[in-house]
1. Can you grab the distance from the C-alpha centre of the range 410-449 to the C-alpha centre of the range 118-156, Å, no decimals?
2. Over the range 196-326, what is the percentage of antiparallel beta bridges among all DSSP beta bridges, to the nearest 5?
3. For a Förster distance of 22 Å, can you work out the FRET efficiency between the beta-carbons of ARG209 and TYR189, rounded to the nearest 0.05?
4. Taking the Cβ of each residue in LEU32, LEU90, LEU68 as the centre, tally the other Cβ atoms inside 10 Å and list the residues starting with the fewest.
5. Grab the other residues whose beta carbon is less than 9 angstrom from that of ALA201, score K and R as +1, D and E as -1, and report the net.
6. Working out 0.36 nm times the residue gap between GLU164 and LYS105, then minus their Cα-Cα distance, what length gain in nm do you get to one decimal?
7. At 7 Å along the Cα-to-beta-carbon direction for both GLU302 and HIS392, put a label point, then send me their distance in nm to one decimal.
8. Could you compute the FRET efficiency for ASN314 and GLU38, with r as their C-beta to C-beta distance and R0 at 45 Å, rounded to 0.05?
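Derivation of every value follows stated rules applied to the coordinates shown; laboratory data play no part. Quick caveat: nothing in here was measured; it's all calculated off a predicted structure. Here the Cβ is made from the backbone with ideal geometry for all residues, glycine too, and neighbour counts use every protein chain on show.
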Amino acid sequence: MTRNPGRTDWHPASWQSMSAAQQPSYPDRAALDRVVSELSRLPPIVTSWEVDALKDEIAKAQRGEAFLLQGGDCAENFDECTSENIVAKLKILLQMSLVILYGLKKPVVRVGRMAGQYAKPRSADTETRDGRSLPSFRGDLVNRSPFTVEDRTPDPALILRGYERAALTLNFVRSLIDGGFADLHHPEYWDLDWVGHSPMADEYHSIVRSISESLDFLETVSGAPVHKTRRADIYAAHEGLHLLYEQAQTRYLGRREHWYNLTTHFPWIGMRTAAIDGAHVEYFRGIENPMGIKIGAGMTREWIQDLIRVLNPNNEPGRLTLIHRFGAKSIDEHLPALIQAVRETGSPVLWVCDPMHGNTESTADGTKTRRFDNIVAELEAAFRVHKAMGSHLGGVHLELTGENVTECTGGARGLTDGDLARAYKSTVDPRLNYEQAMEIAMRIAGLHK
Ligand code: PEP
Ligand code: CO
């Protein structure tokens, strides 16, 4: 099916005739072709049923009947594909979603930046150290971070390793959920061992007690388990950046008469690859998945309207999520005009705030960080601006971890620049730690004291 009659026919590789930003340059083309054809034959990571179910959930969020919580690492890496890490990520997402559900009194759609978030856009193709230039590190799907020729040369085999890691991750998540881990009656399963007596943990536990009591009460009076609230589903999302990876797992499902990207439920187009005549938009227009578009300063009225026309020509509910990331200082200036521009298209969209990527800064010693106050300020501005414009903020997109890291400053513990060195693990963008993430959840829920 052609999504835009003004364009030539779409197929999973039609993007290849267009300009593709942020793609690695593989010296061994033959090896790359072998990998792509192998990946095309391997089974998908997700199914079209799940993808369609998520689209329905997003349509609900567009109508204000649900709230989207999307979170995870800036970039996953292969070494951190461990049971501890996956469980910790699941726990923090589940805990946050419970708080938001309790506060907003509406279902929360949980989406992890996980099971495939392995490729990163970079500001330059090469990195120079001591007069020597090598390809930039583009994430574990592409190359390796040590500064040597061998490590930095894009290696096609890593595409398969990424596919496998993504499948292992989602397989474990599904088993945990099917086995009862995400049962809302047992939130004690989600406690993170190291948290101890954090003030956030205490606050969280008092919320859990009241939820458990009301669930028990509901079940007692209705005489049946409250099935709908019993199990929490988790969907997977990643930036659809590496187009050969996405293409290889794009399948035509005859029964549905549509193409699906089955590497993930929810791919998004990054800020650097949203050119209207670029390869990424070409690829995305032909797939059936619900999708995100990151928008920041520089996005114009015409550009966003063109993107919506190309990516959602039939104004289908659930299809488009606009993830804005302007920074606390510029959201008030830029967001209102875009809300107006989107309204004029007639397309339903889900508005989501990413309060992370517009608020990245460097400390005096060059460490990348984000200040908690700026993150909160952008989020609060997002709620306020949407409300004033007669629109509504239906979700949040965060970089976070269940681990006890010190990457963003501020929050209840008042982390300072001097604390960053203590437990700074991210090799890319700084993430919220447990307390900071829970504090954000409390604020969204309107429960923050
Ligand atoms: C990201 O989400 O990690 C990212 C690179 O974001 P953006 O495209 O919004 O800069
Ligand atoms: Co990031």
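1. If we compute the Cα centre of each part, the gap is 29 Å.
2. Close to 25 percent.
3. E(calc), rounded to 0.05, equals 0.90.
4. LEU32, LEU90, LEU68
5. Residues close to ALA201 contribute a combined charge of -4.
6. Gain on stretching GLU164 to LYS105: 17.5 nm.
7. 3.4
8. 0.80
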